[in-house]
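Peer 1: Below you'll find the structure I mean.
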Amino acid sequence: MYTLKNTKLICTKCKKTFPIDQVYPRCDICKEPLEVEKVSRGGIHEGDILNQTILERYADFFPFLKVDKKISLHEGFTPLVESLNLASELDVKNILFKNESQNPTWSFKDRGTVVGIQHALSLGYKRIGAVSTGNMAVSVAAYGAKASLETFILVSANLPPEKLNPIAIYDPILIKVDGDYGKLYFDSLDIGKQNGIYFINSDAPFRVEGSKTIAFEICEQMNFEDPDYIVIPTSSGGNIRGILKGFEEFRQCGLIKKVPKMICAQASGCSPIYNAYTNNMKYISRVENPHTIAHAIENPYPPSGNEVLRKIRDNEGVFVSVTDDEILQAQKRLTKEGIFGQPAATVPLAAVKKLKNKNIVDKNSTMVCIVTGGGLKYTAVFEKHDLKALDCTLENLSKSITNRLL
Ligand SMILES: Cc1ncc(COP(=O)(O)O)c(C=O)c1O
Ligand SMILES: [Zn+2]
């Protein structure tokens, strides 16, 4: 049995506290998400990242007294790639891309999955689960397999094989559920309680803890001179909450001086948080008939939506939405930097362009875009681009190449 530090879970709204060994991720009074109490003392455990895991390097910022290295697939420690060309094109001081597609299952989800499983093991769980149709399902299936845990993945009944098979390959107990997919998130929490299954869903407190490591790495990669803005494609709100919390904890511990502003970027076809912000609302409303090419961020009623509104307003951050055309243009433009992100992951670049054109972002800004997942996750998108290949016989090859020389 792995033990936990003496800390607690706190309701993000009413501040009621709960024990850290609780799995139910929401407050019983106001139904809003819980979060692990903020860390205000700690530092980085410097080590060789070829052998170290994120749980070890940032151990002071997690509530575990002991971690099991065997469950790690060496997630995190992803590159931060600068683009001088894009900085001059967009007229900003600096733009960098945190390439999360270099995680073991090609998305940022692996960070939260490993932290969630660590918590599940601390509490003696042998079963884990997730409600997801995309990156999170793949991640939980892979890590569940590695940790030899019984793994339940709940997806919607009409999920196409293109999305089902990358989950099924890891051999989880994969259940296609016929019913309201939004309700499934909330039902899974009760089903988990009844059946001893630890659901590491999108905004579960320990998944949010995993996302903190994106902020920690950015601080290290930028020599603790943190950027002005972090641009994050947002759906459930778990990732943006985690990244902001990571910066806040590093500031509380004296590792950085200021917390960057978060840019909550959504797709216009499904932007419940952006809508609530622009309409001056305190709470989000469900989006009817959501539709966007960025399927990974198509949650019509994000479980952390209200908390993202509260936190990003406090942070003096920015809310923005971008169209499918803008997302696809950004996807193509990013390939010129050598990075192929899935549509959701290129929303940040589209957002920077839009905000810069509207003068919402100053030209002296340093921006970090989170490229949350890899392009090969959604190959159907190839049809949306004008992709070319030339035909030629072997005899004509030399001539053909000469003709194309600049
Ligand atoms: C590629 C990608 N980007 C962004 C997100 C949004 O993250 P969150 O639901 O934590 O807001 C997801 C969520 O599944 C995702 O898969
Ligand atoms: Zn509460």
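Peer 1: Along the charge dipole of the range 1-98, Cβ charges K/R +1 and D/E -1, which of 42, 11, 77 sits furthest on the positive end?
Peer 2: 11
Peer 1: Something else now. Determine the relative contact order of the chain: mean sequence separation of Cα pairs under 8 Å and six or more apart, normalised by residue count, in whole percent.
Peer 2: Values: 795 pairs, mean separation 65.6, N = 406.
Relative contact order of the chain: 16 percent.
Peer 1: Provide the per-residue ³J(HN,Hα) series for the range 68-79, in order, calculated from phi with Karplus coefficients 6.51, -1.76, 1.60 and θ = phi - 60°, each as a whole number of Hz, with x at glycine and proline positions.
Peer 2: Once rounded to whole Hz, the list reads 9, 5, 5, 7, 7, 10, 6, 6, x, 6, 8, x.
Peer 1: Rounded, prolate or oblate for the range 339-406? Axes are the square roots of the Cα gyration tensor eigenvalues, ordered a ≥ b ≥ c, and the cut-off for rounded is a/c under 1.5. Write out the running numbers ahead of the final one.
Peer 2: Values: a/c = 3.63, a/b = 2.04, b/c = 1.77.
The shape class here is prolate.
Peer 1: Which of 129, 42, 112 ends up with the largest GNM mean-square fluctuation for the chain, with Cα atoms connected below 10 Å?
Peer 2: Of 129, 42, 112, the Gaussian network model singles out 42 as fluctuating most.
Peer 1: Also, quick follow-up: Build a GNM of the chain with springs between Cα atoms under 10 Å: which of 331, 194, 252 gets the top mean-square fluctuation?
Peer 2: In this elastic network of the chain, the residue with the biggest mean-square fluctuation among 331, 194, 252 is 194.
Peer 1: Hand me the GluC sites (Glu not before Pro) from the range 288-353 located in a DSSP loop with no more than 10 other Cβ atoms within 10 Å, in residue order please. Mind dumping the intermediate values first?
Peer 2: Details: sites: 288, 298, 307, 316, 326, 337; in loops: 288, 298, 316, 337.
Within the range 288-353, the qualifying GluC sites (Glu not before Pro) (loop, at most 10 other Cβ atoms within 10 Å) are 288, 316.
Peer 1: Okay, next question. For residue 341, which sequence-distant residues (separation of 5 or more, or a different chain) have an amide H within less than 5 Å of its own amide H, given hydrogens modelled in the peptide plane?
Peer 2: Answer set, sorted by chain and number: 375.
Peer 1: Considering only protein heavy atoms, with the full assembly of protein chains and a 1.4 angstrom probe, order 323, 372 by accessible area, largest first. Don't skip to the end; give the middle numbers.
Peer 2: Details: 323 55, 372 10 Å².
Ranked from most to least accessible, the order is 323, 372.
Peer 1: Next up: Placing +1 at every Lys and Arg Cβ and -1 at every Asp and Glu Cβ, with all other atoms neutral, what dipole size does the range 149-261 have around its Cα centre, in debye to the nearest 20? Provide the component values of the computation, followed by the final result.
Peer 2: Working: 12 positive and 16 negative charges, 55 e Å.
Taking the Cα centre of the range 149-261 as origin, the dipole is about 260 debye.
Peer 1: Packing-wise, with mean Cβ within 10 Å as the measure, how do 44-53, 236-245, 118-127 rank, highest first?
Peer 2: Details: 44-53: 12.6, 236-245: 27.3, 118-127: 18.8.
Descending mean neighbour count gives 236-245, 118-127, 44-53.
Peer 1: Leaving ligands and nucleic acids out of the surface, order 14, 253, 27 by accessible area at 1.4 Å, largest first. The partial results should precede the final answer.
Peer 2: Working: 14 65, 253 30, 27 0 Å².
My answer, sorted largest first, is 14, 253, 27.
Peer 1: Now, a different point. Whole-Hz Karplus ³J(HN,Hα) for the range 97-114, in order, using 6.51 cos²θ - 1.76 cosθ + 1.60 and θ = phi - 60°, x for Gly and Pro?
Peer 2: Computed from phi, the couplings for the range 97-114 are 10, 8, 8, 6, 5, 8, 8, x, 10, 6, 8, 5, 4, 4, 5, x, 5, 5 Hz.
Peer 1: Let's see if you can work this out: charge +1 on each Lys and Arg Cβ, -1 on each Asp and Glu Cβ, no other charges. What is the dipole magnitude of the chain about its Cα centre, in debye to the nearest 20? Spell out each step's value before the answer.
Peer 2: Numbers: 50 positive and 46 negative charges, 145 e Å.
The dipole magnitude comes to about 700 debye.
Peer 1: Looking at the calculated P(r) for the chain, what percent of the C-alpha pair distances fall above 30 Å? Mind showing how you got there, number by number?
Peer 2: Values: 31421 of 82215 pairs.
Above the 30 Å cut-off, the chain has 38 percent of its Cα pairs.
Peer 1: Around residue 227, what is the net charge, scoring Lys/Arg as +1 and Asp/Glu as -1 over all other residues with Cβ under 14 Å from its Cβ?
Peer 2: Values: positive: 93, 98, 251, 257, 258, 261; negative: 82, 217, 220, 225, 226, 228, 362.
That sum, taken over residues with Cβ under 14 Å, equals -1.
Peer 1: Now for a different question. Rounded to the nearest 20 debye, what is the charge dipole size of the range 236-358 about its Cα centre when +1 sits on each Lys and Arg Cβ and -1 on each Asp and Glu Cβ?
Peer 2: Computed about the Cα centre, the dipole is about 500 debye.
Peer 1: Among the chymotrypsin sites (Phe, Trp or Tyr not before Pro) within the range 258-328, which fall in a DSSP loop and have no more than 16 other Cβ atoms within 10 Å of their own Cβ? It would help to have the intermediate numbers written out before the result.
Peer 2: Working: sites: 274, 277, 283, 319; in loops: 283.
Passing sites in the range 258-328 are 283.
Peer 1: Residues with amide H under 5 Å of residue 8's amide H, sequence separation 5 or more or different chain, H placed in the peptide plane at 1.01 Å from N; which?
Peer 2: So residue 8 has HN proximity to 37.
Peer 1: Based solely on its DSSP helices, what 222 nm [θ] is calculated for the chain when runs of n ≥ 4 H residues each add -39,500 (n - 2.57) and the sum is averaged over all residues, nearest 500 deg cm²/dmol? Write down the numbers at each step before the final one.
Peer 2: Working: 13 runs with 144 residues, N = 406.
Rounded to the nearest 500, the figure is -11000 deg cm²/dmol.
Peer 1: Could you list which residues have their amide H under 5 Å from that of residue 177, counting only those 5 or more apart in sequence or on another chain, with H placed in the peptide plane?
Peer 2: 155, 156, 157
Peer 1: Cα-Cα over 29 Å: which of 16/354; 282/332; 258/332; 5/109? Walk me through the numbers before you get to the answer.
Peer 2: Working: 16/354 39 Å; 282/332 36 Å; 258/332 33 Å; 5/109 24 Å.
Over 29 Å Cα-Cα: 16/354; 282/332; 258/332.
Peer 1: Separate question: When only DSSP loop residues count, what chymotrypsin sites (Phe, Trp or Tyr not before Pro) in the range 1-61 have their Cβ near at most 16 other Cβ atoms within 10 Å? Please report the intermediate quantities before stating the final value.
Peer 2: Working: sites: 2, 58, 61; in loops: 2, 58.
Counting only loop positions with at most 16 other Cβ atoms within 10 Å, the chymotrypsin sites (Phe, Trp or Tyr not before Pro) in the range 1-61 are 2.
Peer 1: Tally Lys/Arg at +1 and Asp/Glu at -1 over every other residue whose Cβ is under 13 Å from the Cβ of residue 70; what's the total?
Peer 2: Working: positive: 66, 69, 146; negative: 56, 68.
Residues near residue 70 contribute +1 overall.
Peer 1: Could you give me the ³J(HN,Hα) list for the range 362-369, computed from phi with Karplus coefficients 6.51, -1.76, 1.60 and θ = phi - 60°, whole Hz, x at Gly and Pro?
Peer 2: Ordered by residue, 3J(HN,Hα) equals 6, 6, 8, 7, 9, 10, 10, 9 Hz.
Peer 1: Further question on the same structure: Out of 405, 393, 381, whose Cα points farthest toward the positive end of the dipole of the range 353-406 (charges: +1 Lys, Arg; -1 Asp, Glu; placed on Cβ)?
Peer 2: 381
Peer 1: Kindly express, to the nearest 10 degrees and within the range 0 to 90, the angle between helix 238-252's C-alpha long axis and the longest C-alpha principal axis of the chain.
Peer 2: On a 0 to 90 degree scale, this one is about 70.
Peer 1: Answer with one residue from 305, 334, 359: the one whose Cα lies farthest towards the positive end of the charge dipole of the range 299-406, charges on Cβ with Lys, Arg +1 and Asp, Glu -1.
Peer 2: Of 305, 334, 359, it is 359.
Peer 1: Another one. All other residues with a Cβ under 12 Å from the Cβ of residue 319 taken together, and with Lys, Arg as +1 and Asp, Glu as -1, what is their net charge?
Peer 2: +3
The values are calculated or read from the model by the stated rules, or taken from the named source; none is laboratory data. Values in this document were obtained by computation on a predicted structure and should not be read as measured data. Note that each Cβ is placed from the backbone with ideal geometry, even for glycine, and that neighbours are counted across all protein chains shown. These accessible areas exclude ligands, DNA and RNA; they are computed on the full protein's heavy atoms, side chains included. Shrake-Rupley method; radii C 1.70, N 1.55, O 1.52, S 1.80 Å.
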